[in-house]
Amino acid sequence: MISLNLIGYLTYLPITFYITFYVGGVLYRSGEAFLADIFEGNKALGHAYNTFLLTGYYLLNLGYATMSITWWNAIENTGQLVNELALRLGVIIMALGIIHYFNMYAFWRFAPKLKELYENLNKSST
Amino acid sequence: MDTPFIVIAYSVYLPVTIMLTYYVARVLFRNGKVFMLDIFRGREEIAFATNKLFQVGFYLLNIGFALLMLKAETGVYNTQGLFEILSLKVGRFSIYLGVMLFANLYLFFRGKRKSKENQLRAEGKLAEPIQERERPKYI
């Protein structure tokens, strides 16, 4: 017995998972260069930090995307199905975009400071 | 009698959360070794031991939490309900795990800062910490 809600969930979940993984991969690959820059030369540490960030991002994002299924309205016809899908996908994709810009801002704002701190620590310890 | 939906929900929920914990712990502590070596300045034995201790704590805390949160608040009567309850449970647990991951990361960074401070202090480049004032003695 398949209800329209169930069809909605089964469409929604693969799409959000795919988008999350795709965006995560892009961030991971480009972030590597930034982190190598911040943790001067210590590539292992930068890589470890990057992996933490990626895992945390997946957990929070996929967790939220999955959990938000509980807040769907009851769907009675195909029109409502399309409506609901568009709404929910729109929310999650827009949230991703906003978080993405926020991340870029954080890098731009804090990277020089972190770098300076790391350099100073290394200087004073040698 | 058919298997009740709630039993199906539980028997999906438990393996999924435990696998999730296992996977996150693996990522966290494989990379944690690098942090620990950095904190303990290459003393492998103590670095790996500390890593292991953190790992055991992480497993206990999170599997315990997964079990505690097992009970479903609402009844499950059909496939749609099964999907909804599982999504809520697994999603909530995943967010919780993400928060725990970042909490562990905070501990790692704190350890790094402390280790740096101690090193600088040993070299005489940092003032000794201000001693806490002696507590007044009450009779």
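Quick note: the coordinates plus some simple rules give every number you see, no bench work behind them. Because the structure is predicted, anything quoted here is derived from the model rather than measured. Backbone-built Cβ (ideal geometry, glycine too); neighbour counts: all protein chains shown.
The Kirkwood radius of chain B, taken over pairs of alpha-carbon atoms, gives through the Stokes-Einstein law at 37 °C and 0.692 mPa s a diffusion coefficient of 178 µm² s⁻¹.
Taking the Cα centre as origin and putting +1 on Lys and Arg beta-carbons and -1 on Asp and Glu beta-carbons, what dipole magnitude results for the protein assembly as shown, to the nearest 20 debye?
Details: 26 positive and 18 negative charges, 207 e Å.
So the magnitude is around 1000 debye.
Calculated mean residue ellipticity at 222 nm for the protein assembly as shown: -29500 deg cm²/dmol, from DSSP H runs with n ≥ 4 weighted as -39500 (n - 2.57), summed, divided by the residue count and rounded to 500.
Positive-end ranking of B:Leu120, A:Thr16, B:Ser11 along the dipole of the protein assembly as shown, with charges on Cβ about the Cα centre, is headed by B:Leu120. In chain B the longest region clear of GluC sites (Glu not before Pro) that are loop-assigned by DSSP and have at most 12 other C-beta atoms within 10 Å covers B:1-72.
Positive contributions from Lys and Arg (+1) and negative ones from Asp and Glu (-1), summed over other residues with Cβ under 15 Å from the Cβ of A:Glu84, come out at -1. Of the GluC sites (Glu not before Pro) found in region A:44-126, those that fall in a DSSP loop while having at most 15 other beta-carbon atoms within 10 Å are A:Glu76. Scaled against the 2.2 N^0.38 Å expected of a compact globular protein of N residues, the Cα radius of gyration of region A:14-80 reads 1.58.
Largest GNM mean-square fluctuation across B:Phe58, B:Phe93, B:Phe109, computed for chain B with C-alpha springs under 10 Å, falls on B:Phe109.
Please report the projected area of region A:7-49's Cα convex hull averaged over all directions, in nm².
Averaged projected hull area, Cα only: 3.2 nm².
Most exposed first by the Cβ proxy, i.e. fewest other Cβ within 10 Å, how do B:Val27, B:Val12, B:Val56 rank? Could you put the intermediate results ahead of the total?
Values: B:Val27 18, B:Val12 15, B:Val56 11.
Placing the least packed residue first, the sequence is B:Val56, B:Val12, B:Val27.
Across the protein assembly as shown, counting alpha-carbon atoms alone, Rg and Dmax equal 23.3, 79 Å. So what's the angle, to the nearest 10 degrees on a 0 to 90 scale, between helix B:44-68 and the longest Cα principal axis of chain B? Helix B:44-68 sits at roughly 30 degrees to that axis. Each 5 Å bin from 0 upward holds the following percent of the Cα-Cα pairs of chain A: 2, 9, 17, 17, 13, 11, 9, 7, 6, 4, 3, 1, 1, 0, 0. Size of region A:44-97: Rg and Dmax of its alpha carbons, in Å, are 15.9, 53.
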